[in-house]
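As structure tokens, the structure follows; a few thoughts come after it.
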2 protein chains.
Amino acid sequence: MILVTGAAGFIGSKVTKQFIAAGYKTITIDNLSTGLLENIPKDTIFIEGSCGNKSTIEKLNDYPIAGIIHIAGQSSGEVSFEDPQYDLESNTLSTLLLLDFAKKRNIKRFVFASTMSVYGDVSKLPVEESTIPEPKSFYACGKLASESYLRVYAGLGIETYSLRLFNVYGPGQNLENLKQGMLSIYLAQALHNDEIIVKGSGDRFRDFVYIDDVVEAFKIAYFNSYQGFDIFNVCNGYPITVDSMIAKIFKNLNYTKPVTFSNNTLGDQNGIYGSNEKIMTNLGWIPKVNFEDGLQSMIEWGLSK
Amino acid sequence: MILVTGAAGFIGSKVTKQFIAAGYKTITIDNLSTGLLENIPKDTIFIEGSCGNKSTIEKLNDYPIAGIIHIAGQSSGEVSFEDPQYDLESNTLSTLLLLDFAKKRNIKRFVFASTMSVYGDVSKLPVEESTIPEPKSFYACGKLASESYLRVYAGLGIETYSLRLFNVYGPGQNLENLKQGMLSIYLAQALHNDEIIVKGSGDRFRDFVYIDDVVEAFKIAYFNSYQGFDIFNVCNGYPITVDSMIAKIFKNLNYTKPVTFSNNTLGDQNGIYGSNEKIMTNLGWIPKVNFEDGLQSMIEWGLSK
């Protein structure tokens, strides 16, 4: 049985489904703070609660868990400024408690959903895993601290991988939450609002990676044979600016709406894209969906809702 | 008024005394978990409690605090493996709550006691501040996470410095605690036990820095004019092996005792020494006490107790 935390969320839901499709039993923990009950796949055992809460983790003792994929967490850099302590519990203490559980139960495999946010603003692009992280948001601090714990527990005998996800997008992403997910925020506004409000400049750029490719990365990482701790960027390897993304959305929708620019959100990065050489070389992962195709799929899905 | 946390401890006590001597009013928070009440300087306002506890931090609201030096924390790498969650509260949540307090109160100056442990095992010596940290203990994880928070709060307008202390030693160090402080552990055994038990090999080496020099580093850092966030190694810049340290202790004491080697403690580093070029160049700090002189002072003090 595989524990996938956060199965009510966009990524956790899809990762869980894939393991079910591959014949595995799954269990999840989710506090439904931003995730949706309807996202949790049927046949998945569901424990409602926060992974940063010891009593929730103790409920896992009843199940024969063979490996852990930890995806749950407060996932908005912007929101992390509202309650840094909650973010620490959600994104760091949760990992610590789950690693502690894994050690006690002799669970040897642990894959963690980290983020490109840990890099902060970098001068040398594309950013490689060997770059010194300089997080700009509490969200990024919490994820980076979790990586430190993964490294320590690797020294205690657990095989731990951290996947630094870049901007994940695709069908199934929450179009109601306007504080999380760059592409989903603009698409939601393009579909439902009178205008698009961009918090920050249109010159900013990101590296978008399609949900199916991300799901595949978790699968490959989970089944790969390894020892110790390692970190991998999960990204397409090229930048898309905010301006061009919005232009592509309009082109796909065949209409335009006014675009207003306001101030950056706190802790926002200027521009970043990653090198995916390490994950391609070491794990054999290849991103299959380019931005144009992925965007089209997402928009078709958004229109059909 | 300056808040110096951890004034019941070895370093916090001496740092507080120096600010008092310079004419400043001081206040401290200490939970007396390893520190001693008798260490807290007279004239210092003392709040008993943990800095990782919100209700303790709220007690600070009654005082006109102009700057913060955060030294309190669980300070043993070895002990951090016994209760990682306590360590996270003690070494990370404490910093987050104090930074949050500083922001709310518009306190602009924050100096943090970090550690060379954040580096883990490094291949290139002497280690510079630009080296990627790879902590091996929960203690080091907690300190490194605190540094991330310092960086984020610097973005919110607080001037923050992190001093990465190497092996601090000198008169006043706790000779009863055999889980914290390398030199003090061996000296305590040499003075009071039938033998010296070394956990780990005699080839390991460390960079020892004398307490008075460390106190001076905090003073210089606190009064230096700067903006944003920065990190400085505080070290003498050369390695001393465990074997040579014990030999020097015996030479000073004019007797020897049997030395037994046992297994390393968890998360112990193999060998490390630092570059102090950055703090010397940027802050004008110079270590004044070499290891031989410092050791002699410490032994004289140990014998006089």
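The values are calculated or read from the model by the stated rules, or taken from the named source; none is laboratory data. Note that the structure is a prediction, hence the values are computed from the model and not measured. Glycine gets a Cβ as well: all are built from the backbone with ideal geometry, and neighbour counts include every protein chain shown.
Which of the residues that make up segment A:120-153 are farther than 19 Å from A:Leu266 by Cα and β-branched (Val, Ile, Thr)?
Listed by number, the residues that qualify are A:Val127, A:Thr131, A:Ile132, A:Val152.
Say whether the condition of being buried (at least 24 other Cβ atoms within 10 Å of the Cβ) and among the acidic types (Asp, Glu) is met by at least one residue in segment A:65-79.
So far as segment A:65-79 goes, no, none of its residues is buried (at least 24 other Cβ atoms within 10 Å of the Cβ) and among the acidic types (Asp, Glu).
So which residues in segment A:268-299 are of a type outside the set (A, V, I, L, M), within 23 Å of A:Thr241 (Cβ to Cβ) and in a helix (DSSP H, G or I), if there are any at all?
A:Glu277, A:Phe291, A:Glu292, A:Asp293, A:Gly294, A:Gln296, A:Ser297
Which residue pairs have Cβ atoms under 6 Å apart, sit 6 or more places apart or on different chains, and have a first residue in segment B:1-23 that is of a type in the set (Val, Ile, Thr) and a second that is in a helix (DSSP H, G or I)?
That search, which allows pairs on different chains as well, returns B:Ile2/B:Phe19; B:Val4/B:Gly12; B:Val4/B:Val15; B:Val4/B:Thr16; B:Val15/B:Val215; B:Val15/B:Phe218.
Within segment A:175-185, track down each residue that is touching a helix residue (DSSP H, G or I) at 6+ places or on another chain (Cβ under 6 Å) and either touching a residue at least 24 places away in the same chain (Cβ under 8 Å) or closer than 30 Å to A:Tyr226 by Cα (or both).
Matches in segment A:175-185: A:Leu175, A:Lys179.
So is A:Ser137 more than 10 Å from chain B (Cβ to nearest Cβ) and either within 24 Å of A:Gly9 (Cα to Cα) or surrounded by fewer than 24 Cβ atoms within 10 Å (Cβ to Cβ) (or both) or not?
No: the conditions fail for A:Ser137.
Any idea which residue in segment A:180-232 is modelled with the highest pLDDT, counting only those that are assigned to a loop (DSSP other than H, G, I, E, B) and under 14 Å from the mean Cα position of the chain (by Cα)?
The qualifying residue modelled with the highest pLDDT is A:Asp207.
Only one of A:Gly67, A:Gly35, A:Gly77 is closer than 23 Å to A:Asp100 by Cβ and in contact (Cβ under 8 Å) with a residue 12 or more places away in the chain. Can you tell me which?
Answer to the selection: A:Gly67.
On the given criteria, is A:Thr265 touching an Asp or Glu at 6+ places or on another chain (Cβ under 7 Å) and assigned to a strand (DSSP E or B)?
no
Determine which single condition B:Asp207 fails, assuming it passes every other condition in (1) free of Cβ contacts under 8 Å to residues at least 60 places away in the same chain; (2) crowded, with 24+ Cβ neighbours inside 10 Å; (3) more than 13 Å from chain A (Cβ to nearest Cβ).
The single condition B:Asp207 does not satisfy is (1).
Spot the failing condition for B:Ser13; the list is (1) in a helix (DSSP H, G or I); (2) more than 14 Å from chain A (Cβ to nearest Cβ); (3) farther than 23 Å from B:Val214 by Cα, and only one is missed.
Here B:Ser13 clears every test but (3).
Could you list, in sequence order, the residues of segment B:214-246 that are charged (D, E, K, R) and closer than 19 Å to B:Ala7 by Cβ?
Result: B:Glu216, B:Lys219.
Of all the strands (runs of 3 or more DSSP E) wholly in segment B:34-136, which have at least 3 residues that are within 21 Å of B:Tyr226 (Cβ to Cβ)?
Here the list reads B:67-70, B:109-115.
Any idea which residue in segment A:150-165 is nearest to the other protein chains (Cβ to nearest Cβ), counting only those that are within 18 Å of the chain's Cα centre (by Cα) and more than 19 Å from A:Cys235 (Cβ to Cβ)?
A:Leu150
When you look at B:Ser201, is it in contact (Cβ under 8 Å) with a residue 60 or more places away in the chain and among the polar types (S, T, N, Q), yes or no?
When the stated conditions are applied, B:Ser201 passes them.
Among the listed residues B:Asp83, B:Asp43, which satisfies the condition of being under 30 Å from A:Phe101 (Cβ atoms), acidic (Asp, Glu) and out of contact with any strand residue (DSSP E or B) (no Cβ under 6 Å at 6 or more places or on another chain)?
Answer to the check: B:Asp83.
Can you say whether A:Tyr186 is buried (at least 17 other Cβ atoms within 10 Å of the Cβ), over 17 Å from A:Pro126 (Cβ atoms), outside the structural domain of A:Gly9 (by TED's automatic domain parsing) and of a type in the set (Phe, Trp, Tyr), as far as the supplied structure shows?
yes
Of all residues in segment B:103-122 being surrounded by fewer than 18 Cβ atoms within 10 Å (Cβ to Cβ) and farther than 21 Å from A:Tyr149 by Cα, which is nearest to the other protein chains (Cβ to nearest Cβ)?
It comes out as B:Lys103.
If you take the residues in segment A:216-233 that are of a type in the set (Phe, Trp, Tyr) and closer than 17 Å to A:Ala66 by Cα, which one is surrounded by the most Cβ atoms within 10 Å (Cβ to Cβ)?
The residue in question is A:Phe218.
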